[in-house]
Each structure stands twice: as C-alpha cells, then as structure tokens.
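Here is the structure we will look at, set down as structure tokens.
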Amino acid sequence: MRKLIDSRLEQLARAGQAHLLRKGLKGLEKESLRITAAGEIARTPHPKALGSALTHPAITTDYSEALIELITPPFEDSADTLAAMEDIHRFVHANIDGELLLATSMPCRIEGDESIPIAVYGSSNIGRMKHIYRRGLGYRYGRAMQAIAGVHFNYSVSEELWPALQTLAGDRRPLAEFIADRYFGMVRNIQRFGWLILYLFGSSPAMSKSFLTGRETPLASSFTEFDPATWHRPYATSLRMSDIGYRNDNQASLDISFNRLDDYVRDLSHAISTPYAPYQAIGVEVEGEYRQLNANILQIENEYYSTVRPKQVTRSGEMPTLALKKRGVSYLELRSVDLNCYHPAGIGLEQLRFLETFMLLSLLADSPPMSIEEKKAAANNMLATACCGRTPGMALIRSDAAADLRAWAKELCESMAPIAAALDGDSNGRAFSAALEQQYVAIADPEQHLPSARMLQEMRGNRESFAEFAQRLSLQHAETLRSHPLEPVKAEAMRRMAEASLTEQEAVEASDSLAFADYLEHYFAQT
C-alpha cells in the first residue's frame, strides 16, 4: 500500500495539486452527559440559557435531555475546529448551573431506564417526531445504550481536489458520480481499517456495573470485576463500540451495501419501509400515545448504527436518503471515536491531525467493492479490537488469514507517513508527522501509551471505581474551562445565538398547519 500511496502523491505533486490535500474541511459533533455534582445523570431540562435544542446550530441534545451535543462548523485547519469546540464548551459550562459534562463515553450511576430522560423538542411536528423517534429507540434497545457518548469527526474532501483526482484516474464520468463513488470507496476502507481508530484512541475499557443492572444479558459473564462497582475487560479498548455498546443484534440481519450510492439508498429505504414483527408487537400509537414512528426495521436512517456514514446536508423536512439521492455525498461522518476523557473538549489536536491523515489514507488507497464475507470480517475485526485489542499477540482477519494486529497497525501508519508529510507541506512544520509518530510509540508499547491502558492504570493506582474516575476528570475539566471563560464579545454573541434559536423554535411551532399523523405520512411518502 505504501508504494501506491507514494505514487499517487507524486502524481498530485507533479500536477501541482498536492496542496489541495490540506484544504479538506473538518468539523466535530461531541456528545456528553450532563451530570450532577454527585455523578448522577441530570434530570433537569436542557438549560434555557443554552437556547433551543431544536434549532440551535451548535448546541443541541442527542437521545437524552441530559445528553448534550455540541457541533462546530467545518474548518480547513483542525486547530480552528478544536478552538471552536472549546469555545462552545466554555459557554456551556458557564450556563449549566454547577452541573458537569461527563468526561467519559460510558455513563455511570444509572438507576434504570427511568433515570435517563428522553430529549424533548417542543410542540412542533418536527419536534414531536424527534422525541417519538427517541422514545422508539428506548422501546427497541433500552435507554442505557442511548446514553453512551462519543465524538463524530466530519470530513469532506476539498472541492478543488476532486477534478484533479478524476483527471489522474482517467475517469470521464460526470464529476458528481465520480465523487460519490470515491466517497463510498473511503467508507469501505474505513470499514477495513477502522479497527485502528479503536485500538489507538479507544478510551472505554471499563464501565459502571449499573450499566447492565436490570438488563438480562449473557454479556455480564464476559466481564471481569474491577471493583465492587465496576466491570471491565482487561484488554478492551472501546466497550462503547463493543457488543454492549453501539452494536445491535436487532440489525444483525441487515445487509446495507456500501458499494454504490444507489445501492446504499435502496437498502436503507427498504429497511425504513419493511415491517418487523417484534416492533409491531410494541405498537405505534397505543391509547393515543406514540411509542415509535413506525414498526419497521428502522424508524429512520439514523437508527442504522454504522461506524461511518456518508452524509448530505438535508433541507427542512427532507429525508437523508433523498438528500443523498438528489445531491450526492457532501462529507463523511466518522462515528467510532470515543471521548478523550483526558481532554476538556473530548478530543485533542494531535488526534484530529491523525484522523485527517487516516481519512486521506482511506481516499488514496485502493478500495474494491466489499463482499458480504469481507464486510463480516471487517465487523469482526472491529468487535475483536473493541473487546480485547490490547491482548498480547492479538490477531485479526486479513484476506482470509490471521494477521498480527500490531504489525498491521504499524504497516497502516507507515502508509500514512507520506500523507502526513504532504499535509505538513512548507507551513505546518512537522505537526502531522509528529502526530503520526506518537502512534508508532503507542503501537510499540501499548500498555504504557494507549488511553485504554492508561485509564485502567490510573483507576488501579488511585483505587477508584469507574464512576469515581469519571467524576474526578469531569470536575477537573469543568474547573479548567470555567477558569478560562469566554471573551465577553464571544460570550455575548453566543448568548444572542441562544436567544435567536428560542425565537426560531417559536416560529416553527406557530407555522405548523398539519396534524401530526399527516405530517408523518407526508414525511415517509418521500421514500
């Protein structure tokens, strides 16, 4: 692979286009549970000072009213992306009345599903739809899984780079078709190599025992007791991405193709419109109350849990699959990143630079179509890495044969080295190369340098339960952010943005003219 990457970078350099690799856009979406000073999930409403969760462009909620989601615009420089995320954090911490944002991906101190309040978005049809969708997730999968938090890294290739890549490939199709195919090639490579992200940056090897309380599951027997309040897997990297996190047996039979845009849209649309007996048993509208949007395999596209999603910006009331069908892929959403519990914003600059380099590897490497067998092998590699990736001698499946995980990780990083050098260019010093070199060190000595190992070592050294560890870091981050508040001009701008979002929600609610049942019918008629 290294020779291929070198060759393609050399072609771009000869064409005077290598600098366009640096012009891709990077954005972040970061979830965090609001918790009380005692470490319990907050049951307070989304703070009004933060604006409307329905209409605010930067501060919203995900599944739970307590699961805040912070969103940056996209920037060419990841340093600007991180700075924007840190500013949003400072505003949030100044307006949550002494509550904290949980530093870890896995929640702690759950007292059953009822301790996890479902997010509310007001009385408009779109607000009701968002709430009922989440209610349906609770019925289908339980609320605990939906309280897990992570970071989504959004990446778009520079619009200027696409024609250069198409010319080098000798491709004569319409540019939009070429772009869609190459984005789906990236998706396939992220599935092939995405285990590397879990290995290097997974930060959830342990969890509170309360996460499984009341959930009848054979999985509990696969964990080791760390202390009376904590389960763990000794060599886990990311329980968030394991069999107790964002993996659903309910969706195991789904075969969503990532080989072509049309196939992807077709398969997702089929799942959204196909009834599923266990969900029919739940009911849709029961005694005048909606339990879910429908009784189909998926209520909407977002219910399909995948490590990466091809995305297009949707217009008001537009289904994501329709947006993709009409306007193609605009960016990719990498969803497999745990919260970096050691950083106040949940992710660091060196990690962002590594992720950017990784996304370009997925673009420049060959990416043939994936068979069902290869997809299964890729999924198994992800699961094995999440559950026990630091196991000495750990092997994954590569081309139907066993491959040493650490040797393969080193090989991938070596293939990324020329990309990092290209991103460094003449103006970035060695920022990208240095970020990559940090990971060589981690691969060589995982028990000293991987965050999943560091977490367990700290918990042992401090004799902390997972909940105590998480609360300690959450408090530290809150104190750090509150000790460096926003500049007054920025704070005032964000205050006005929050107020404007509340006004906008009122306007949305006032403009509704359809009954909710009719609104749903119109929405799903788009398929």
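For the reader, a short list of remarks on this structure follows.
- Listed candidates [x] 41, 24, 22; [y] 33, 29, 25; [z] 43, 32, 23 - label of the one calculated as semi-axes √(5λ) of the Cα gyration tensor in Å: [y]
- Selection from Leu502, Ile132, Gly194 lying farthest towards where the dipole of the chain points positive, charges on Cβ: Gly194
- Gyration tensor (alpha-carbon) shape descriptor, the range 380-499, a/c threshold 1.5: oblate
- Label-point separation in nm, Asp512 to Glu411, each point 7 Å along Cα→Cβ: 5.5
- In the chain, Cα pairs under 8 Å separated by at least six residues give a relative contact order of 23 percent.
- Extension gain from Lys326 to Leu254, taking 0.36 nm per residue of separation minus the Cα-Cα distance: 23.5 nm
- Aspartates and glutamates with Cα under 19 Å of Lys3, excluding same-chain neighbours fewer than 8 positions away: Asp366, Glu411, Glu414
- Whole-percent carbon and sulfur share, accessible surface of the chain, 1.4 Å: 51
- Summarising the label geometry, the points placed 7 Å from Cα in the beta-carbon direction at Val489 and Glu225 lie 5.9 nm from one another.
- FRET efficiency for the Glu318 to Arg2 pair, using the beta carbon distance and R₀ = 45 Å, is estimated at 0.60.
- Rounded to the nearest 0.05, the FRET efficiency derived from the C-beta distance between Ala402 and Glu458 at R0 = 35 Å is 0.60.
- Segment Gln11-Arg482, extension gain: residue separation times 0.36 nm, minus the distance between their alpha carbons: 164.7 nm
- Relative packing of 137-149, 461-473, 102-114, which averages over residues the other C-beta atoms within 10 Å, highest first: 102-114, 137-149, 461-473
- Test item: Cα-centred dipole of the chain, Lys/Arg +1 and Asp/Glu -1 on Cβ, debye: 720
- Highest-first arrangement of 286-295, 179-188, 303-312, where packing means the average Cβ count within 10 Å: 179-188, 303-312, 286-295
- Rolling a 1.4 angstrom probe over the protein heavy atoms with all chains in place gives the chain an accessible area of 41 Å² per residue.
- Treating r as the C-beta distance of Ala38 and Ala444 and R0 as 45 Å, the FRET efficiency rounds to 0.65.
- Extended-chain gain in nm, criterion 0.36 nm per residue less alpha-carbon gap, Asp80 and Arg173: 30.0 nm
- Estimated inter-spin distance, Val286 and Glu373, nm [label 7 Å along Cα→Cβ]: 4.4
- Entries in Lys48/Lys490; Lys311/Lys410; Lys311/Lys375; Lys30/Lys326 that, when Cα-Cα distance is taken, lie over 24 Å: Lys311/Lys410; Lys30/Lys326
- Inter-part distance where the range 292-355 and the range 12-84 are each reduced to a Cα centre, Å: 12
- Karplus 3J(HN,Hα) series, Hz, for the range 488-500 with 6.51 cos²θ - 1.76 cosθ + 1.60 (x for Gly, Pro): x, 5, 5, 4, 5, 4, 6, 4, 5, 4, 5, 5, 5
- Farthest positive-ward along the chain dipole, Cα basis, beta-carbon charges - from Tyr121, Gln471, Asn154: Asn154
- Computed from backbone phi, the HN-Hα couplings of the range 305-312 come to 8, 9, 6, 8, 10, x, 10, 9 Hz, rounded to whole numbers (Karplus: 6.51 cos²θ - 1.76 cosθ + 1.60, θ = phi - 60°; Gly and Pro given as x).
- Cα gyration tensor shape for the range 72-130, rounded if a/c is under 1.5, else prolate or oblate: oblate
The values are calculated or read from the model by the stated rules, or taken from the named source; none is laboratory data. Model, not experiment: these values are computed from the prediction. Reconstructed Cβ throughout: ideal geometry from the backbone, glycine too, with neighbour counts over all protein chains shown. Accessible surface areas use protein heavy atoms only, side chains included; no ligands, DNA or RNA. Shrake-Rupley method; radii C 1.70, N 1.55, O 1.52, S 1.80 Å.
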